[in-house]
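Single-structure report; data block below.
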Amino acid sequence: AGIFVQIGLLPNTDFLKASKVELSNRGEIMINDRNETNVKGVFAAGDCTTVPYKQIIIATGEGAKASLSAFDYIIRSGQ
Ligand SMILES: Cc1cc2nc3c(=O)[nH]c(=O)nc-3n(C[C@H](O)[C@H](O)[C@H](O)COP(=O)(O)OP(=O)(O)OC[C@H]3O[C@@H](n4cnc5c(N)ncnc54)[C@H](O)[C@@H]3O)c2cc1C
């Protein structure tokens, strides 16, 4: 007999519920393939987003993508 506890499935995004950032029905931050959220200039990456497959190698790649998108946004907006 034994108990197997599965952890790590709930994204810690409650603080965004009062914001304009769109969340999925699972509480994940909705992103497109450039890690953009629905709010201009706000990017997200990793397990807290709608990206499929919650794994370390995915999250690190997504972090790189979000950084590049943020860089691109700043360059193009002239800020
Ligand atoms: C039990 C378990 C086993 C796993 N095993 C594997 C495995 O073998 N191989 C694999 O590839 N993946 C594994 N994963 C998945 C892997 O851990 C995740 O995909 C990866 O850690 C996601 O990285 P992340 O940076 O998106 O999120 P996280 O690693 O969860 O980092 C998020 C960070 O944000 C912090 N944070 C949260 N809310 C706030 C806030 N409001 N303000 C400031 N900081 C905040 C957290 O404390 C945390 O440090 C496992 C996950 C779990 C739960």
Response to the item:
Picked from region 7-19 (must be among the aliphatic types (A, V, I, L, M) and assigned to a loop (DSSP other than H, G, I, E, B)), the residue farthest from D47 (Cα to Cα) is A18
Discussion item. Anything in region 40-56 that is surrounded by 13 or more Cβ atoms within 10 Å (Cβ to Cβ) and either over 27 Å from R76 (Cβ atoms) or of a type outside the set (S, T, N, Q) (or both)? List them, or say none.
Written reply: V42, F43, A44, A45, G46, D47, C48, V51, K54
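Table: residues versus (1) out of contact with any His (no Cβ under 7 Å at 6 or more places or on another chain); (2) within 9 Å of the ligand (Cβ to nearest atom); (3) not in a loop (DSSP other than H, G, I, E, B).
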| residue | (1), (2), (3) |
| --- | --- |
| V21 | yes, no, no |
| R26 | yes, no, no |
| V39 | yes, no, no |
| G46 | yes, yes, no |
| I58 | yes, yes, yes |
| S67 | yes, no, yes |
Fill in: Single match in I7, I31, I3 (criterion: on the phi < 0 side of the Ramachandran plot, modelled with pLDDT of 95 or more and surrounded by fewer than 13 Cβ atoms within 10 Å (Cβ to Cβ))
I3
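The values are calculated or read from the model by the stated rules, or taken from the named source; none is laboratory data. The structure displayed is predicted, hence computed values, not measured ones. Using ideal geometry, Cβ is built from the backbone for each residue, glycine included, and neighbour counts are taken over all protein chains shown.
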